[in-house]
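Novice: Before I ask anything, let me first share the structure, which is written out below as structure tokens.
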Amino acid sequence: MIAKNCTIIGVENIEIGSNVRIDGYTSIIAPGGGWVRIGSYVHIGGYSLLSAGDGITLCDFSGISQGVKIYSRSDDYSGEHLTNPTVPGKFTGVTGGEVRLCRHVIIGSGTVILPRVIVGEGASVGALSLITKSLDAWGVFAGHPARKIKTRSKRLLDLEESLLRENNLK
């Protein structure tokens with residue numbers, strides 16, 4: 001289910017699994033060599049942005065809440081280079097790399113994720129966090145930058161197995 005008022009650019013570079021919901025006013029931008037891979041049982045909350053110049057993967061059972069911004073490319077803000085997409089690449093200091101949300105990851109509203117980040121299986125991130133580095137599996141994280149607060153329960157793995165069995169998917 002994809003809301004009619006989403007902006008999707010580079011549709012030929014986007015893969016979407018089954019049981020996916022993308023809420024209104026979400027933008028998915030995957031131009032040129034960029035790509036987005038969305039697994040199954042994934043939810044993307046409204047007003048979110050997936051800017052996938054270097055690739056974004058949302059694995060099965062992952063989800064992002066409203067207003068999450070994921071960038072797989074970022075300008076250099078130091079002043080050593082020119083910035084913005086109207087400037088030829090040789091004058092910019094763009095850094096990039098895939099962003100991957102592993103299985104059962106949940107990202108809270110308003111969070112920003114920068115390039116070259118892997119959020120490990122089962123990790124959860126509180127609202128309004130900033131993710132600049134990869135996060136370990138099964139942690140609960142929050143803050144600017146995001147830091148581990150505690151360990152997350154793995155009970156949801158049993159629930160996943162039950163869901164798949166009930167739907168004859170396992």
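Novice: Output the residue which, of all residues in region 108-128 that are out of contact with any Gly (no Cβ under 9 Å at 6 or more places or on another chain) and part of a loop (DSSP other than H, G, I, E, B), is farthest from Gly46 (Cα to Cα).
Specialist: Taking region 108-128 first, the residues out of contact with any Gly (no Cβ under 9 Å at 6 or more places or on another chain) are 112-114, 118-119, 121.
Still in the running and part of a loop (DSSP other than H, G, I, E, B): 114, 121.
Values: Leu114: 19, Glu121: 23 Å.
Per the criteria, the residue is Glu121.
Novice: Separate question: Just to be sure before I move on: is Val99 in contact (Cβ under 8 Å) with a residue 12 or more places away in the chain and within 21 Å of Ile22 (Cβ to Cβ) in the structure I sent? Let's see the steps before the verdict.
Specialist: Numbers: in contact (Cβ under 8 Å) with a residue 12 or more places away in the chain: yes; within 21 Å of Ile22 (Cβ to Cβ): yes.
Criteria met by Val99.
Novice: So Gly46 passes all but one of these: (1) closer than 16 Å to Val125 by Cβ; (2) of a type in the set (Gly, Ala, Ser); (3) surrounded by fewer than 22 Cβ atoms within 10 Å (Cβ to Cβ). Which condition number does it fail?
Specialist: Gly46 satisfies all of (1) closer than 16 Å to Val125 by Cβ; (2) of a type in the set (Gly, Ala, Ser); (3) surrounded by fewer than 22 Cβ atoms within 10 Å (Cβ to Cβ) except (1).
Novice: Okay, moving on. May I ask you to verify whether Val36 is touching a helix residue (DSSP H, G or I) at 6+ places or on another chain (Cβ under 8 Å) and β-branched (Val, Ile, Thr)?
Specialist: On the way: touching a helix residue (DSSP H, G or I) at 6+ places or on another chain (Cβ under 8 Å): yes; β-branched (Val, Ile, Thr): yes.
In short, yes.
Novice: Let me confirm something: among Ser62, Ser27, Ser51, which residue is of a type in the set (Ser, Thr, Tyr), touching a Leu at 6+ places or on another chain (Cβ under 7 Å) and crowded, with 16+ Cβ neighbours inside 10 Å? Let's see the steps before the verdict.
Specialist: On the way: Ser27 fails: crowded, with 16+ Cβ neighbours inside 10 Å; Ser51 fails: touching a Leu at 6+ places or on another chain (Cβ under 7 Å).
The unique qualifying residue is Ser62.
Computed from the coordinates by the stated procedures, all read-outs in this text should not be read as laboratory data. Worth saying up front: this structure is predicted, and the values here are computed from it rather than measured. Cβ: placed from backbone, ideal geometry, glycine included. Neighbour counts: every protein chain shown.
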